Structures are given as C-alpha cells and as structure tokens.
1. How high is the relative contact order of the stretch 1-100, given as a whole-number percent (alpha carbon pairs under 8 Å, six or more residues apart)?
2. At R0 = 35 Å, how high is the FRET efficiency between Leu102 and Asn4 if r is their beta carbon distance? Nearest 0.05 is fine.
3. Output the peptides 95-104, 71-80 sorted from most to least packed, where packing is the average of other Cβ atoms within 10 Å over each peptide's residues.
4. Compute log10 of I(q)/I(0) for the stretch 2-111 with the Debye formula, placing one identical point scatterer on every Cα and leaving out solvent, at q = 0.17, 0.18, 0.22 Å⁻¹, to two decimals.
5. Would you mind putting 58-69, 26-37 in packing order, based on average other-beta-carbon counts within 10 Å, highest first?
6. If we count other beta carbons within 10 Å of each Cβ, what is the order of Leu90, Leu70, fewest first?
7. Could you give me the ³J(HN,Hα) list for the stretch 45-55, computed from phi with Karplus coefficients 6.51, -1.76, 1.60 and θ = phi - 60°, whole Hz, x at Gly and Pro?
8. On a full-extension model of 0.36 nm per residue, what is the gain between Ala15 and Glu27, subtracting their alpha-carbon distance, rounded to one decimal in nm?
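Derivation of every value follows stated rules applied to the coordinates shown; laboratory data play no part. All figures in this text were calculated on a predicted structure; none of them were measured in a lab. Note that each Cβ is placed from the backbone with ideal geometry, even for glycine, and that neighbours are counted across all protein chains shown.
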Amino acid sequence: MTYNDVELSIDLMDADVVERFENAVRECAEGVSDKSQYEGKTTAQCMRIQCARIDKFFDDAFGDGTAANLFGGRANLREHMDAFGMANTLGEQISAEAYGLLDKYTSDRVNRPESGKQRKPRYNNESYYHGKRRRDV
C-alpha cells in the first residue's frame, strides 16, 4: 500500500500480523466512536483526537513511526481518513484472498465421503460392468 509516497508493507497472510492489524482496527474504531471524549471540545480539538487515534492505528499495525512518515505530524482529518480507508480496504481484500485459499484447498476434502464408505461407481456407456458393457445390461 502506498500513501503520500510512503510504501507500507504488511504480510496479511501471517496470522500474527493479521491479529495485530485486526486489534489495531478495532481499537481505532472504538476510540473514534467514543463520544464522551468530544464533550466540550472545539471542532479542531475533535479532529486532532480522531487523527491521533488513526496515528496510533498506523503505528500499531505497521510499526512505530509509520504515522509520522505518512502524515508528517499534520492533523489533516481528510488525509488520515483516506489512509485509514485504504488500509481497511487492503485488509478486506487480503481477508477475501485468504478465504479463497481456504475454499480452494478444503472444499474438495469436505465433499469427500467419510472413510470406510465406498463411492458409488460411475460408468459411462463404454464401461464394463460385471464382464458386460453397461449398454448391454
């Protein structure tokens, strides 16, 4: 993911990294939606609070100093929300890819008959069935 000419690298196929990423997303969403922190604050102060939450998300998910590299210490809410949206979309895409991999490698195994059960024989018109061709039976 590239934002503000800063390349962010993250391996969202690694379970430990995904756990850290998901926790950071959850904490950020919960933190931003906590309305009590905005009471009695000016609009500018509320924007700084939201930007600080998103800064924490990037530092937690991508490593310390990431927010400073991305935003240069600015508290521009649009930049922060755009970057957070891009990171969230990246997470959703990787999640879909992971589920696709699971389907690819497990769906056939799930559909196989249980061990000990025989599969029904499949015959075409030219198959032999007890010494006779199927069409002669």
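1. 33 percent
2. Plugging the Cβ-Cβ distance into 1/(1 + (r/R0)^6) gives 0.55.
3. Answer by packing, highest mean first, reads 71-80, 95-104.
4. Computed log10 I(q)/I(0) values: -0.82, -0.89, -1.20.
5. 58-69, 26-37
6. Least to most surrounded, the residues fall as Leu90, Leu70.
7. Whole-Hz 3J(HN,Hα) from phi for the stretch 45-55: 5, 5, 5, 5, 4, 5, 5, 5, 5, 5, 4.
8. That pair, Ala15 and Glu27, stretches by 2.5 nm at full extension.
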